[in-house]
Amino acid sequence: GQNIDQPTEMTATEGAIVQINCTYQTSGFNGLFWYQQHAGEAPTFLSYNVLDGLEEKGRFSSFLSRSKGYSYLLLKELQMKDSASYLCAVGRGGGYQKVTFGTGTKLQVIP
Amino acid sequence: GAVVSQHPSWVICKSGTSVKIECRSLDFQATTMFWYRQFPKQSLMLMATSNEGSKATYEQGVEKDKFLINHASLTLSTLTVTSAHPEDSSFYICSATDPGGGETQYFGPGTRLLVL
């Protein structure tokens with residue numbers, strides 16, 4: 001089966017750093033995605049981790065530990081526009097590149 | 001690159017009518033497209049996987065006769081909600097994978113369906 005856990009909501013202050021955690025238990029694992037979704041809009045791709053370790057991309061970094069079934073998304077220098085839901089998703093492969101999404105973490109950035 | 005479009009963005013229809021939603025990959029050929037549904041405050045739920053030239057693979061619990069999927073070309077997949085009912089009101093989102101981009105799925109802007 002598939003099980004992806006992430007906190008439902010988080011609040012952080014503008015300019016600060018926030019870490020959004022994701023744990024997963026899935027049958028089949030090809031990699032882990034993070035997507036950002038603003039209210040009423042479709043998700044946009046942020047990062048994809050296949051190997052263990054930290055990948056940095058501007059203000060956003062994503063970490064993966066395959067042995068622990070754990071990932072986190074780190075957002076630095078938070079801006080008000082970062083208020084959105086952040087979806088952790090596991091690529092299951094299997095030929096059709098299926099992805100299972102977590103329920104998302106709604107991040108609110110406050111002044 | 002990797003732009004996916006959807007049309008229409010908004011649909012309001014009467015119960016019992018059929019609604020067709022188009023998903024296009026604009027700058028790449030997508031051998032595989034995915035259709036998701038998202039209810040308010042919930043995550044994306046995969047409905048089906050669509051491969052060009054073959055029948056779609058539906059997820060458990062999704063009625064294939066109600067949600068007709070046609071992937072006629074490498075840049076176009078359509079989802080038809082047949083005999084729509086109010087409970088079908090949702091946000092329908094397609095995505096596509098760029099063969100040159102690995103497993104990353106690029107999402108269309110979504111179609112919001114309201115069935116009265």
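Any read-out appearing in this document is the output of simple, stated calculations on the displayed coordinates, not a laboratory observation. Treat the numbers as computed from the prediction; the structure is a model and nothing was measured. Cβ placement follows ideal geometry from the backbone for every residue including glycine, while neighbour counts extend to all protein chains displayed.
Panel order for B:71, B:7, by other beta carbons found within 10 Å of each beta carbon, from fewest to most: B:7, B:71. Counting only Cα atoms, the size of chain B along its three principal axes is 41, 26, 22 Å, in decreasing order. Annotation: for a label point projected 7 angstrom from Cα along Cα→Cβ of residue A:80, no residues of the range A:39-53 have a backbone N closer than 11 Å.
Of the residues A:41, A:14, A:56, the one that moves most in a GNM of chain A with alpha-carbon contacts below 10 Å is A:41. Here is the tail figure for the protein assembly as shown: Cα pairs spaced more than 21 Å apart come to 55 percent of all pairs.
On the beta carbon distance between residue A:27 and residue A:52, with R0 = 30 Å, the FRET formula returns roughly 0.90. Remark: for residue pairs A:68/A:98; A:57/B:20; A:106/B:64; A:57/A:106, the C-alpha separation exceeds 26 Å in A:57/B:20; A:106/B:64.
Please label the shape of chain A as rounded, prolate or oblate, based on the square roots a ≥ b ≥ c of the eigenvalues of the alpha-carbon gyration tensor (a/c under 1.5 means rounded; beyond that, a/b larger than b/c means prolate, else oblate). Prolate is the answer for chain A, as a/c is 1.5 or above and a/b outweighs b/c.
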